[in-house]
Structure formats: C-alpha cells, structure tokens
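Below you'll find the structure, written out as structure tokens, and then a few comments.
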Amino acid sequence: MDERRSKQRLDVSLSAMWDGSTEAHSPQITNLSEGGCYLDSVGAVRRGEIVGFRVLLPDEDWLYLEGEVRHHSAEGFGVQFVDLNDEQTEKLKWLMSLAKESAAEGQPMSV
C-alpha cells in the first residue's frame, strides 16, 4: 500500500466518544497526526461520512473534532480532520507535541 499521508502519525492510546447512527461508542484512538487519526471501534461507518467525536485530553478536558471517514474495517476506521477552527488546531498541536515527547521516551502517549 502506498503511503499517502503528508503528516507524521504517532502511536497513542486516547479515550474518545462518538455517537453512531444507532448508539454511542467509546473507541480508542490508536494513532494521531495533525491531519487525522484512527479509531478502534466496532461502530458502523461509511467511507466519505463525516463523524464528530470527542477526545479525552491529558488535562481531562475534551476536544471535539470532526473527520471524514477515509477507510474502515471491522476493527475501526481512519478519518481525515475537516473544518478545524483555531482552538481545535492549537489543542491538536499541543496534543501532538505531548505524543512526540512520549514517542521519544519509547512509549505511546496514553490518556
């Protein structure tokens, strides 16, 4: 598979919440970049669908993000972030800097 991502992805273990069409889900985000992330979740999604979800931050605040589903499988789905405002962008950059520090220490960031 060709690598099409333009932003570095980092391994993480972040708690998240998203509401599917029929029920709420509590996936783990297992990798993250400034452009998107992967959510381990059994919830049904469609390629091209826009999903909104919240990510638990290390300071116990929640970051709301929206992303377009780019690929999915029975184990989860990957999204490309869409329409980030300035506050979301800054919080995401802060989260990425923490994830990079954890990666430098040889372990994924976990919240």
Could you please find all residues in segment 79-111 being assigned to a helix (DSSP H, G or I), open to solvent by 30 Å² or more (accessible area, probe 1.4 Å) and among the polar types (S, T, N, Q)?
89, 97
Which residue pairs have Cβ atoms under 7 Å apart, sit 6 or more places apart or on different chains, and have a first residue in segment 91-111 that is more than 20 Å from residue 66 (Cα to Cα) and a second that is surrounded by fewer than 15 Cβ atoms within 10 Å (Cβ to Cβ) and not charged (D, E, K, R)?
98/58
If you go through segment 19-78 one residue at a time, how many are under 17 Å from residue 108 (Cα atoms), open to solvent by less than 70 Å² (accessible area, probe 1.4 Å) and part of a loop (DSSP other than H, G, I, E, B)?
4
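The values are calculated or read from the model by the stated rules, or taken from the named source; none is laboratory data. What you see is a predicted model; the values in this text were computed from it and never measured. In this analysis, Cβ positions are derived from the backbone assuming ideal geometry, glycine residues included, and neighbour counts consider all displayed protein chains. Accessible surface areas use protein heavy atoms only, side chains included; no ligands, DNA or RNA. Shrake-Rupley method; radii C 1.70, N 1.55, O 1.52, S 1.80 Å.
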